[in-house]
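A quick write-up on the structure given underneath.
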Amino acid sequence: MRSPSWTWDELLLICARVVENDWRQLRTYQAATEELADLLRSLPLHDSTARELPEFRSAASISRKSADLITNRPGYARQATRGGHLTSLVAEAFTTREHEMMAAARAIEDGISSGELIKIPPQPDEVDPDGYAAREGRLLARWAIFRERNPALRKRKITEAKQLGIRIQCEVCHFHFADTYGPVGLDYIEVHHLQPLHISGPRETRLRDLAFLCANCHRMCHRSYLGSPWRTPDALRTMMTQVR
């Protein structure tokens, strides 16, 4: 059995170290490369069978992949290695959106070191129907979805809205469940974080960080499209207005 294909999250973490190393190849003899190998082996992305393989996310495999990321970077003057399409996408993302990608890498590392990401089970919507993860990574998408499905947090947000006299409806399309479904839809709504984890950081969620959304608008806010993995309710509302 061969090691599983590299994921966006793993390549993101490797490329972050490459950037910190001034876009130079990570070497197997460097302690930081061994530390990165330990980190990648701890990610909750692959099953135990893969983890038992001797080559699985070894320092040598990371060194080779770091070279792929470097040579597939836009503007690289020499011959690129055959790193694959995903490798090219990650290298391009770090070239054009370095600050955002570095923040995503830090958020993943924070989630692993704190133990938060290890405890969270895979979520049904952490990849889109085509099998692609959000551009900030599958693990951060998993974490965000898990937080949004916290019933206690949603209940607190609804309670606050009632106290303030705010109508509990979608903030994008204004759909109100009780108006359409009657009593069964009373006080039903989903909540969405206004900022992705790699921007807000893995801090405790505040009620002002959340927006009310219907299920359809919520899915559209999370759906990857044209390189964007996340949109705010305001951005989605603008898109709907343009269509109409």
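When the helix-only estimate is applied to the chain (DSSP H runs of n ≥ 4, each -39,500 (n - 2.57), divided by the residue count), what is the mean residue ellipticity at 222 nm, nearest 500 deg cm²/dmol?
-15000 deg cm²/dmol
Can you work out the PRE-style zone for GLU55? Point 7 Å along Cα to Cβ, and I want the residues of the range 1-26 with backbone N under 20 Å.
1-8, 10-11, 14, 26
Using a 1.4 Å probe, what is the accessible area per residue for the range 59-115, in Å²?
Per residue, the range 59-115 has 51 Å² of solvent-accessible surface.
Taking the Cα-to-Cβ direction at ILE118 and at THR28 and moving 7 Å from each Cα, how far apart do the two end points lie in nm?
Between ILE118 and THR28, the simple spin-label model gives 2.8 nm.
Which FRET efficiency value, to the nearest 0.05, is calculated for TYR181 and GLU109 with the Förster distance at 30 angstrom and r the Cβ-Cβ distance?
0.10
Could you tally the net charge around PRO122, taking each other residue with its Cβ under 9 Å from the Cβ of PRO122, Lys/Arg +1 and Asp/Glu -1?
Details: positive: ARG138, ARG142; negative: GLU126.
Around PRO122, the surrounding residues sum to +1.
What is the angle, in °, between the Cα long axis of helix 31-42 and the longest principal axis of the Cα atoms in the chain? Nearest 10 is fine, range 0 to 90.
The two axes meet at around 50 degrees.
Whole angstrom only: what separates the Cα centroid of the range 1-19 from the Cα centroid of the range 27-71?
8
Tell me, what is the FRET efficiency for GLU92 and ARG219 to the nearest 0.05, using R0 = 41 angstrom and their Cβ-Cβ distance as r?
0.95
Give the list, by residue number, of cysteines in the chain with no other Cys Cβ closer than 4.7 Å, or say none.
Result for the chain is CYS15, CYS173, CYS217, CYS221, no neighbouring Cys Cβ within the cutoff.
Which order do the peptides 87-98, 170-181 come out in when sorted by mean C-beta neighbours inside 10 angstrom, highest first?
Put in order of decreasing packing, that is 87-98, 170-181.
The values are calculated or read from the model by the stated rules, or taken from the named source; none is laboratory data. Remember, predicted model here, so these are calculated numbers, not experimental data. Using ideal geometry, Cβ is built from the backbone for each residue, glycine included, and neighbour counts are taken over all protein chains shown. The protein model used for the area step is the full one, side chains on, heavy atoms only, and it has no ligands, DNA or RNA in it. Shrake-Rupley method; radii C 1.70, N 1.55, O 1.52, S 1.80 Å.
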